[in-house]
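K.L.:
Can you keep this structure in mind? I'll have questions shortly.
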């Protein structure tokens, strides 16, 4: 996994390229994604941890990196992220272990 800065730089560049060419349905999806993770009845930190669990179970490396960084930025502790990853392992099973290895390596840098 990339470090946080390299990841955000690459992601921003790719999103700019995508959104410059995308139609309204794609732009609406991106807006919905942004809105759903904002603070609400569930604080944003916990939403990012939920996103981390789902992303790990679905085995999306970019998504795991994104939600780990966002959770950290939102104030999630090392222990909270570690517990979320443990839930992901429980739900997703051993198929998630390779991604967990990468996630724990990234966790050391957050």
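Throughout, read-outs are computed from the coordinates displayed, never taken from laboratory work. Note that the coordinates shown come from a computational prediction; the quantities given were computed from them, not determined experimentally.
K.L.:
Determine the gain in length on full extension of the stretch residue 83-residue 20; use 0.36 nm per residue of separation and subtract their C-alpha separation, reporting nm with one decimal. If you can, show how the numbers build up before the last one.
P.N.:
Details: separation 63, 0.36 × 63 = 22.68 nm, distance 3.78 nm.
Answer, rounded to one decimal: 18.9 nm.
K.L.:
Shape verdict for the range 1-57, please, from the Cα gyration tensor: rounded (a/c under 1.5), prolate (a/b greater than b/c) or oblate. Intermediate values should be presented prior to the final figure.
P.N.:
On the way: a/c = 2.20, a/b = 1.22, b/c = 1.81.
In terms of gyration-tensor shape, oblate.
K.L.:
When the Debye formula is applied to the Cα atoms of the range 4-107, each taken as the same point scatterer, what base-10 log of I(q)/I(0) results at q = 0.10 Å⁻¹?
P.N.:
-0.29
K.L.:
With springs only between Cα atoms under 10 Å apart, run a GNM on the chain and tell me which of 67, 17, 78 wobbles the most.
P.N.:
Among 67, 17, 78, the largest GNM mean-square fluctuation belongs to 17.
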